[in-house]
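A short write-up of the structure that comes next.
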Amino acid sequence: MSDQQTTPARDHEWFDYYQRFNYFSPDAVRDGCQPRIMEHPEPSGKAIVLVHGLSDSPYFMTFIGDYFFNQLGYNVYMPLLHFHGLKDPKGMEGVELEEWKSNVSFAIDTAASKASEVSIGGLSTGGALSLFMSALNPRVNGALYLFSAALDLAGGAFGLVGELQENLLLTPVPDLFDFNTPMIGENPYRYIYVDMDGAKQLARLIKETDSIISLFGSRFPFPYKVFAAHSESDETADIAGIEALQKVSDQARFNFFRIAKNLGVRHASVVLEKPVVSNDGKELEHRNPVFAEMMQAIADFKKIG
């Protein structure tokens, strides 16, 4: 008997995804963290792949996904990244960047099989993966949407601490501090902390996106339409990473939705229309107070040629 028959379906649960990646199953994945698929009954010429961040899950992309589906008419695909969203994450031992790329590639292939235009976007690590795929996967032929994209780690004067963190994560040193303590807490949609194994894969990805960005400049600008939303209060992903991409992009096709520091919007909150609340009512992740304005900016951005 199939998983779909034995386990009640959750919101927009993507069962074909479990068939492709058998390290996931409805029983293994936490409620709310499931991979998601939203397709219109009639064919849609537009689709978007939305990729979550490190330690969290597709839940974080659902408010943006709902907007693209209900207001803009897109099919929406939200993959679950390797070793994420699990009831038993096993300390993320064995997590692989190449598997994250396979997860996203499958979503792109599925989207491209149903629509002629495929866009991609993501939060944090999902944003970095989206940049990578937009540059290297020819099936991504629409726009790139970056939300708190982890193109640089934040910290220190001139970003020096972030750069040191990225380089340190690529050495064996982080393994000495990876104690594999329990990762499941009161937040139903993310792990308690960013595991060192996952952070090392992110550091590898940042180096790869750095290499991609370095290929472009004023004479040969980054060739994709880019919408980037980033908070000046972000203490996780340095806003300088987005600024660097903007410098090598076609300015007429780059929309930077910059969230003022005085609003205090934290890293993951950028994508949240509503706060994440624990079972006992405690607010665990704040909402983005300018979420509606950000979505309107996306709608306006879509009109750019």
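What follows is calculated from the coordinates using simple rules that are stated; it is not laboratory data. Worth saying up front: this structure is predicted, and the values here are computed from it rather than measured. So basically every Cβ, Gly included, is an ideal-geometry build from the backbone, and we count neighbours across all protein chains shown.
What to note about this one:
- P(r) tail fraction, the chain - alpha-carbon pairs more than 31 Å apart, %: 24
- Formal net charge of residues neighbouring Lys303 (Cβ-Cβ distance under 12 Å; K, R +1; D, E -1): +2
- Among the listed pairs Lys225/Lys247; Lys46/Lys225; Lys101/Lys207; Lys114/Lys225; Lys225/Lys302, those beyond 19 Å (Cα-Cα): Lys114/Lys225
- A simple charge model with +1 on the Cβ of Lys and Arg, -1 on the Cβ of Asp and Glu and nothing else charged puts the dipole of region 185-284 at about 420 debye relative to its Cα centre.
- Counted charge near Glu293, where neighbours are those whose Cβ lies closer than 14 Å (Asp, Glu -1; Lys, Arg +1): 0
- Beta bridges per DSSP, both residues in the chain: antiparallel share near 25 percent.
- Prolate/oblate/rounded label for region 195-305 (Cα gyration tensor, a/c 1.5): oblate
- Shape of region 1-120, Cα gyration tensor, a/c cut at 1.5: prolate
- Neighbour counts of C-beta atoms inside 10 Å place Thr236, Thr181 in the sequence Thr181, Thr236, starting with the fewest.
- Proximal charge balance of Ser218 [Cβ under 13 Å; K/R count +1, D/E count -1]: +1
- Each label point was placed 7 Å from the Cα along the Cα-to-Cβ direction; for His40 and Asp66 their separation is 2.0 nm.
- Distance between region 271-287 and region 11-42 - C-alpha centres, whole angstrom: 23
- Expected 222 nm ellipticity per residue - DSSP helices of 4 or more, -39500 (n - 2.57), all of the chain, to 500: -9000 deg cm²/dmol
- Relative contact order of the chain: 16 percent, from C-alpha pairs under 8 Å at least 6 residues apart in sequence.
- Gain on full extension, evaluated as 0.36 nm per residue between Ser211 and Arg139 minus their Cα-Cα distance, stands at 23.8 nm.
- Full-extension gain in nm, Ala240 to Ala9, via 0.36 nm per residue minus C-alpha separation: 79.1 nm
- For region 49-98, alpha-carbon Rg and Dmax in angstrom: 12.9, 40
- Each of Glu96 and Ile184 was given a label point 7 Å from its Cα along the Cα-to-Cβ line. The distance between the two points is 2.6 nm.
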